[in-house]
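The values are calculated or read from the model by the stated rules, or taken from the named source; none is laboratory data. A quick note: this is a predicted structure, and the numbers were derived from the prediction, not measured. Cβ coordinates were reconstructed from backbone atoms using ideal geometry, including for glycine residues, and neighbour counts include every protein chain displayed.
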Amino acid sequence: MNFSNQLIVWYLHNKRSLPWRATNNPYYIWLSEIILQQTRVDQGMDYYLKFVEAFSTVYELANASEEEVLKLWQGLGYYSRARNLHFSAKYIVNDLNGVFPSTYNELLKLKGVGDYTASAVASICFNEPTAVVDGNVYRVLARYFGIETPINSTKGVKEFKNLAQELIDTKNSGTHNQAIMEFGARMCKPQNPDCEICPLNNSCIALSKKIIKELPVKEKKIKVKKRYFNYLVIQTDNDLTKMVKREKGIWKNMYQFPLVETLCPINEEELIESELFKSLLGTNKVNLKLLQNNSKPHKLSHQHIYSKFWLIKTNSSKNFNQTWQVVKQLPVPVLIDNFLNEFNFN
Ligand code: SF4
């Protein structure tokens with residue numbers, strides 16, 4: 001049996017029963033693939049079910065507001081995925097008359113769809129033989145073939161894609177792709193792979209050379225940037241506050257308290273001197289209190305955010321008109337959601 005057949009046999013006996021495996025409707029497969037980018041299956045499952053329930057067709061997703069989509073996505077991170085999902089749903093409905101693209105090249109034209117997602121949807125839904133290469137596939141191929149090229153280098157990306165493409169079973173490309181990803185997730189795991197019971201253990205190079213822990217190779221990570229956020233949690237005498245929409249960055253179009261970002265941690269006096277503080281509160285009498293000081297950073301892929309939430313009580317309501325009930329309906333980053341849950345404003 002060749003490599004692909006061995007994987008497929010293993011897969012058919014061992015695959016998990018997952019809701020998106022019971023369909024080959026491209027809308028559902030696309031949705032699941034976008035959710036599962038950078039997300040574990042157990043975490044993504046609830047989100048997938050929520051989305052399918054709220055938007056059972058691409059038309060329903062296209063007709064939703066961006067705020068509704070972001071609110072449902074809240075907590076999953078990498079929010080550009082949700083914005084792109086919504087944008088692409090509108091494109092499919094308005095420009096393609098609701099007909100889902102059916103080839104790798106057409107799928108690539110959707111915003112937020114790259115080589116991996118286009119390959120997955122094209123192979124699973126339309127049996128186009130295009131190989132997927134995700135983290136699981138990199139690991140299986142690097143170990144089984146003993147490849148030491150860094151998987152995050154330009155050379156590595158090409159080399160692994162070409163190899164994956166050579167190995168694909170052209171008649172069962174969807175099953176092959178799902179088999180190799182599932183095999184990486186459940187058998188050839190990052191830590192403690194099950195080599196003893198692995199059906200490929202007779203011919204696995206990493207196992208024979210005892211270099212499993214060294215593979216796959218990754219080039220050094222990009223330096224992590226530290227950021228210091230000071231949120232101004234305003235509370236007026238009549239219990240109003242202020243939230244603003246972020247205009248750019250990973251949290252674009254989500255809401256937050258007015259934010260003073262600094263290059264290092266600041267104290268109360270420095271906060272009062274900041275431009276934003278002065279423009280919002282001017283010379284009004286305020287009562288200022290540091291309500292939450294997160295010494296542990298909120299970690300994103302290339303940045304660590306150290307946040308402080310400052311409670312500012314004021315008797316002026318000139319700039320502030322949002323109720324806490326409205327605030328709770330808005331899509332917010334997890335950092336703010338955690339704060340709101342801890343300090344139950346009503
Ligand atoms: S023998 Fe071990 S390292 Fe090799 S493919 Fe199987 S699980 Fe992965």
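Things to note:
- Residue selected from the stretch 287-322 under the condition charged (D, E, K, R) and over 21 Å from the mean Cα position of the chain (by Cα), by the criterion surrounded by the most Cβ atoms within 10 Å (Cβ to Cβ): LYS308
- Residue count for the stretch 19-54, restricted to those that are surrounded by fewer than 20 Cβ atoms within 10 Å (Cβ to Cβ), touching a residue at least 60 places away in the same chain (Cβ under 8 Å) and of a type in the set (Val, Ile, Thr): 1
- Considering (1) within 16 Å of the ligand (Cβ to nearest atom); (2) touching an Asp or Glu at 6+ places or on another chain (Cβ under 7 Å), the lone condition that TYR228 does not fulfil carries the number (1).
- Being within 15 Å of the ligand (Cβ to nearest atom), surrounded by fewer than 18 Cβ atoms within 10 Å (Cβ to Cβ), assigned by TED's automatic domain parsing to the domain that holds GLY114 and of a type in the set (Ser, Thr, Tyr) is a property that holds for SER208.
- Of all the criteria given as (1) of a type in the set (A, V, I, L, M); (2) surrounded by fewer than 17 Cβ atoms within 10 Å (Cβ to Cβ); (3) within 24 Å of the chain's Cα centre (by Cα), the one not satisfied by ILE336 is (2).
- Test for SER279: is it farther than 17 Å from PHE309 by Cα and assigned by TED's automatic domain parsing to the domain that holds THR314: yes
To keep it simple, each residue is scored yes or no on (1) under 25 Å from SER208 (Cα atoms); (2) in contact with a helix residue (DSSP H, G or I) (Cβ under 7 Å, 6 or more places away or on another chain).
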residue: GLU128; (1), (2): no, yes
residue: GLY135; (1), (2): yes, no
residue: THR149; (1), (2): yes, yes
residue: GLU159; (1), (2): yes, no
residue: ASN172; (1), (2): no, yes
residue: ASN177; (1), (2): no, yes
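- The listed residues are LEU259, LEU263, and the only one of them that is over 30 Å from VAL326 (Cα atoms) and free of Cβ contacts under 8 Å to residues at least 40 places away in the same chain turns out to be LEU263.
- Residues (farther than 24 Å from ILE336 by Cβ and buried (at least 17 other Cβ atoms within 10 Å of the Cβ)) located in the stretch 60-86: LEU61, ALA62
- Considering the stretch 108-122, and only residues there that are in contact with a Leu (Cβ under 8 Å, 6 or more places away or on another chain) and without any contact (Cβ under 8 Å) to a residue 60 or more places away in the chain, the residue that is surrounded by the most Cβ atoms within 10 Å (Cβ to Cβ) turns out to be ALA122.
- Pair list, Cβ under 7 Å, 6 or more apart: the stretch 176-190 residue in contact (Cβ under 8 Å) with a residue 24 or more places away in the chain and within 13 Å of TYR144 (Cα to Cα), other residue aromatic (Phe, Trp, Tyr) and within 11 Å of the ligand (Cβ to nearest atom): PHE183/TRP10
- Matching residues in the stretch 277-311 - criterion: being among the hydroxyl-bearing types (Ser, Thr, Tyr), touching a residue at least 12 places away in the same chain (Cβ under 8 Å) and closer than 18 Å to MET243 by Cβ: SER307
Here is a yes/no grid of residues against (1) within 16 Å of the ligand (Cβ to nearest atom); (2) surrounded by fewer than 22 Cβ atoms within 10 Å (Cβ to Cβ); (3) more than 20 Å from LEU18 (Cα to Cα); (4) in the same structural domain as HIS13 (by TED's automatic domain parsing):
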position: ILE124; (1), (2), (3), (4): no, no, no, yes
position: PHE145; (1), (2), (3), (4): yes, yes, yes, yes
position: LYS155; (1), (2), (3), (4): no, yes, yes, yes
position: SER173; (1), (2), (3), (4): no, no, no, yes
position: ASN177; (1), (2), (3), (4): no, no, no, yes
position: PHE183; (1), (2), (3), (4): yes, no, no, yes
position: CYS188; (1), (2), (3), (4): yes, no, no, yes
position: CYS198; (1), (2), (3), (4): yes, yes, yes, yes
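- Exclusive hit being over 25 Å from LYS218 (Cα atoms), in a helix (DSSP H, G or I) and modelled with pLDDT of 95 or more, set SER88, SER119: SER88
- Residue in the stretch 234-244 that is of a type in the set (D, E, K, R), buried (at least 16 other Cβ atoms within 10 Å of the Cβ) and either away from the ligand (no atom under 16 Å from the Cβ) or modelled with pLDDT under 95 (or both) present: yes
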